[in-house]
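Please read the structure below before turning to the comments.
The values are calculated or read from the model by the stated rules, or taken from the named source; none is laboratory data. As the structure is a prediction and not an experimental result, all values here were calculated from the model. Cβ: placed from backbone, ideal geometry, glycine included. Neighbour counts: every protein chain shown.
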Amino acid sequence: MDRSNQIVVGVTGASGGPYALRLLDCLDQAGVDVHLIVSPHGRRLLADECDVRVMDPEHLIGRASTHVRVYAFNDIGALPASGSFRTDGMVICPCSSNTLGAVASGLGDNLITRAAHVTLKESRRLIVVHREMPLNGIDLENLVRLQRAGAVICPASPGFYLRPGTVGELIDFVVGRVLDLLDVPHTLDVRWKGRAGGISEA
């Protein structure tokens, strides 16, 4: 029996709430079942940056949806905490340095970190959208540890080669790259198409 794609999304306290909301919107539009976990700092982030204070689809993506299910941050007995619950991967977007360090250190005392460890141990794709800068040596070591454990490190670093004209286009660039890593189809403009001509010699 075919099943729809199942993606776990964790939202933590690093600045980048618009990335999270746009990602949820695109996953829902693609028909992906989203298992959403928002940390307490993530809730404050969404309130401060996006004026979102209620964790339900109508407030998160602006419409009712049967694809987005929200879990309590401390419910380590929820579905995403078990490796027997089949998913197609997990994204932590945005990922704070605090959460980065917890996952890299093997902590699993909340549902985001537990789900991340389950994703790694089951050899599923874990995408870490780290959004803090500058980075200190601890952050760099934690990023390397996670990459060696199988995670994909995807910093929120929008490209400018498509000549974005709005903040929304910068957000879409990052979200589009995350969707590509999840193999979720989308129509966001993230593709380099080349450009006629070149740089003339002086």
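Assorted remarks:
- Condition check for G108 on (1) out of contact with any Gly (no Cβ under 7 Å at 6 or more places or on another chain); (2) in a strand (DSSP E or B); (3) of a type outside the set (S, T, N, Q): one failure, at (2).
- Considered as a group, the residues in segment 48-93 that are crowded, with 18+ Cβ neighbours inside 10 Å and among the aromatic types (F, W, Y) include one that is farthest from H35 (Cα to Cα), and that residue is F73.
- Looking across segment 131-189 at every residue that is of a type in the set (V, I, T) and part of a helix (DSSP H, G or I), the one that is surrounded by the fewest Cβ atoms within 10 Å (Cβ to Cβ) is identified as V167.
- Take the conditions (1) more than 19 Å from P18 (Cβ to Cβ); (2) touching a Lys or Arg at 6+ places or on another chain (Cβ under 8 Å); (3) at pLDDT 95 or above; P94 misses just one of them, which is (1).
- Total residues in segment 1-60, condition modelled with pLDDT of 95 or more and either basic (K, R) or in a helix (DSSP H, G or I) (or both): 29
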